[in-house]
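The block underneath contains the structure these notes are about, expressed in structure tokens.
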Amino acid sequence: MRPLLPSAAGFPLLLAIVGCNQPSAADNAAPADKASTAAPEAAKPAADGAIPADAKRIEIAVVDEGFSPSTLDLKKGETVVLRFNRTTKSGCLNAIEIPDLGVKKELPLNTPVEVAITPQKEGKMTLQCWMAMVKATINVT
Ligand SMILES: [Cu+2]
């Protein structure tokens, strides 16, 4: 049981160091034996950014008129990938939020941005611009 503790405690710290300050962490901070155990972990994509390859994708155009489509029908517990493509220059829509899911995402112009969500609660949620002026409805059943 002893080996579990140091690695469990050290892992998040190492990740934080590597994430914020990769060169100096590798050169100065990490002793050689720690660096070698950390390497395989660092090679993996971040868990919170992982998008299942087989997830359903929904294309959402972000245009002058708002979101298209402006209503999304999703299933509770099912992961879907919302793929936004903003083609309007409106600064109003340069970032979106889904407050009920804690989602906030910037939308660079003409650059598709994917957001994976897994609604856990039935009902209506709102997808909106960061100013909460432009809205779309997410129905979860
Ligand atoms: Cu707005």
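The values are calculated or read from the model by the stated rules, or taken from the named source; none is laboratory data. Just so it is clear, the model here is predicted, and its values are computed rather than measured. Cβ coordinates were reconstructed from backbone atoms using ideal geometry, including for glycine residues, and neighbour counts include every protein chain displayed. Surface areas here come from the heavy atoms of the whole protein model, side chains and all, with no ligands, DNA or RNA. Shrake-Rupley method; radii C 1.70, N 1.55, O 1.52, S 1.80 Å.
Brief remarks follow.
- Qualifying position, being among the acidic types (Asp, Glu) and open to solvent by less than 60 Å² (accessible area, probe 1.4 Å), among GLU78, GLU106, GLU114, GLU59: GLU114
- A count restricted to segment 62-97 and to residues that are on the phi < 0 side of the Ramachandran plot and either within 16 Å of the ligand (Cβ to nearest atom) or not assigned by TED's automatic domain parsing to the domain that holds MET133 (or both) stands at 20.
- Segment 90-103: number of residues that are more than 19 Å from ALA55 (Cα to Cα) and open to solvent by 50 Å² or more (accessible area, probe 1.4 Å): 4
- The set of residues in segment 62-93 being out of contact with any Ser or Thr (no Cβ under 9 Å at 6 or more places or on another chain) and farther than 19 Å from ASN139 by Cβ consists of THR87, THR88, LYS89, SER90, GLY91, CYS92, LEU93.
- Residue count for segment 109-136, restricted to those that are more than 16 Å from the ligand (Cβ to nearest atom) and not basic (Lys, Arg): 14.
- Only a single item in (1) out of contact with any Phe, Trp or Tyr (no Cβ under 7 Å at 6 or more places or on another chain); (2) charged (D, E, K, R); (3) not in a helix (DSSP H, G or I) is not met by ASP100, and it is number (3).
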